[in-house]
1. Considering only the stretch 82-100, state which residues are more than 21 Å from residue 193 (Cα to Cα) and out of contact with any strand residue (DSSP E or B) (no Cβ under 6 Å at 6 or more places or on another chain).
2. Against the condition over 27 Å from residue 10 (Cβ atoms), surrounded by 16 or more Cβ atoms within 10 Å (Cβ to Cβ) and small (Gly, Ala, Ser), how does residue 173 come out, does it pass?
3. I need the strands (runs of 3 or more DSSP E) fully contained in the stretch 189-243, keeping only those with at least 1 residues that are closer than 23 Å to residue 87 by Cα, touching a residue at least 40 places away in the same chain (Cβ under 8 Å) and open to solvent by 30 Å² or more (accessible area, probe 1.4 Å).
4. I need a count of the residues in the stretch 178-188 that are free of Cβ contacts under 8 Å to residues at least 40 places away in the same chain and either outside any helix (DSSP H, G or I) or surrounded by 13 or more Cβ atoms within 10 Å (Cβ to Cβ) (or both).
5. With at pLDDT below 95, open to solvent by less than 50 Å² (accessible area, probe 1.4 Å) and either within 16 Å of ligand 1 (Cβ to nearest atom) or in a helix (DSSP H, G or I) (or both) as the only criterion, which of 118, 155 stands out?
6. Considering only residues that are in contact (Cβ under 8 Å) with a residue 60 or more places away in the chain and of a type outside the set (Asp, Glu), which ones fall in the stretch 19-31?
7. If residue 132 satisfies all but one of (1) touching a residue at least 24 places away in the same chain (Cβ under 8 Å); (2) under 18 Å from residue 184 (Cα atoms), what's the number of the condition it fails?
8. Quick check on my filter: what residues within the stretch 100-115 are buried (at least 19 other Cβ atoms within 10 Å of the Cβ) and under 21 Å from residue 80 (Cβ atoms)?
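The values are calculated or read from the model by the stated rules, or taken from the named source; none is laboratory data. Since the model is a prediction, treat every value here as computed from it, not as a measurement. Here the Cβ positions follow ideal geometry from the backbone for every residue, glycine too, while neighbour counts run over all protein chains shown. To get the accessible areas, we keep the full protein, side chains included, count just its heavy atoms, and leave off ligands, DNA and RNA. Shrake-Rupley method; radii C 1.70, N 1.55, O 1.52, S 1.80 Å.
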Amino acid sequence: MRTDAGTPALLEVRGLQVRYGGVTAVDGIDLNLPLGSVVALIGSNGAGKTSVMNAIMNLKTGCAGTRRFDGEDIASLRTDQIVERGVALVPEGRRLFPHMTVRENLAMGAYLREDHTGIQRDMDRVLDIFPALTAKLKQPAMSLSGGQQQMVAIGRALMSSPRLLLLDEPTIGLAPAVVQLIGDTIQLINREGVDVLLVEQNASVALSLSSYAYVIDRGLVVMHGSSTDLKKDRRVHAAYLGL
Ligand SMILES: Nc1ncnc2c1ncn2[C@@H]1O[C@H](COP(=O)(O)OP(=O)(O)OP(=O)(O)O)[C@@H](O)[C@H]1O
Ligand SMILES: [Mg+2]
């Protein structure tokens with residue numbers, strides 16, 4: 001599968017549906033993530049963003065629709081098999097192990113791997129990306145600031161050596177300087193060859209980091225286009241940029 005621009009799609013989602021009992025949270029969403037890109041998914045509370053991410057990881061049963069990663073159908077794979085293929089989720093709310101140390105939390109991201117040299121190399125790389133964590137490695141994760149906990153959550157996902165990172169609201173609740181740092185990190189990670197699907201309520205951050213974006217509302221894609229175009233769109237401004 002190739003995207004409109006002719007770049008092969010690393011992730012391709014078609015007709016995705018997610019239901020919770022009688023409630024349809026995602027009602028037939030299509031999206032493409034071209035190889036090498038950061039793609040954003042924006043939308044307000046309850047739009048269905050987290051449901052899309054969890055469905056890609058197969059964290060929820062009973063989802064319908066096609067999900068292909070690097071050309072392979074991943075819809076019927078278990079979550080750990082999807083991680084092995086190269087997809088990692090940084091979940092909403094970080095979901096760290098609060099009483100475990102920072103080092104242990106990071107190591108958990110590599111639990112499916114046995115290449116000890118590679119694991120050590122990726123641990124060094126995470127600490128290069130987030131030098132603030134070096135002095136915190138022996139501390140329990142819950143003793144860190146919100147921004148540092150988000151760094152641990154991203155670092156843990158990187159420890160599985162992913163090709164695609166799914167980031168669910170990484171900047172929520174963080175101070176502007178930390179939002180900037182997380183944004184810079186997303187760009188750095190992408191330049192180093194990890195593609196990113198970025199979920200954000202903060203449309204301004206999402207559109208400045210991504211090349212393409214989907215706006216979802218009540219389980220449907222209501223707009224999509226290049227992030228540059230969406231930034232200029234009056235409807236996006238009115239609904240999501242608070243202007
Ligand atoms: N476990 C669940 N059981 C029942 N309904 C759910 C469940 N999780 C989500 N929903 C519903 O599905 C819809 C989409 O929720 P989802 O969490 O995917 O939205 P979201 O865009 O991530 O929202 P937010 O910005 O608040 O994180 C909402 O109506 C929500 O109430
Ligand atoms: Mg959510």
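1. Listed by number, the residues that qualify are 93, 94, 95, 96, 97, 98, 100.
2. No.
3. Per the criteria, 212-217, 220-226.
4. Within the stretch 178-188, residues that are free of Cβ contacts under 8 Å to residues at least 40 places away in the same chain and either outside any helix (DSSP H, G or I) or surrounded by 13 or more Cβ atoms within 10 Å (Cβ to Cβ) (or both) number 6.
5. 118
6. Within the stretch 19-31, 24, 25, 26, 28, 29, 31 qualify.
7. (1)
8. Hits for the stretch 100-115 are 105, 106, 109, 110.
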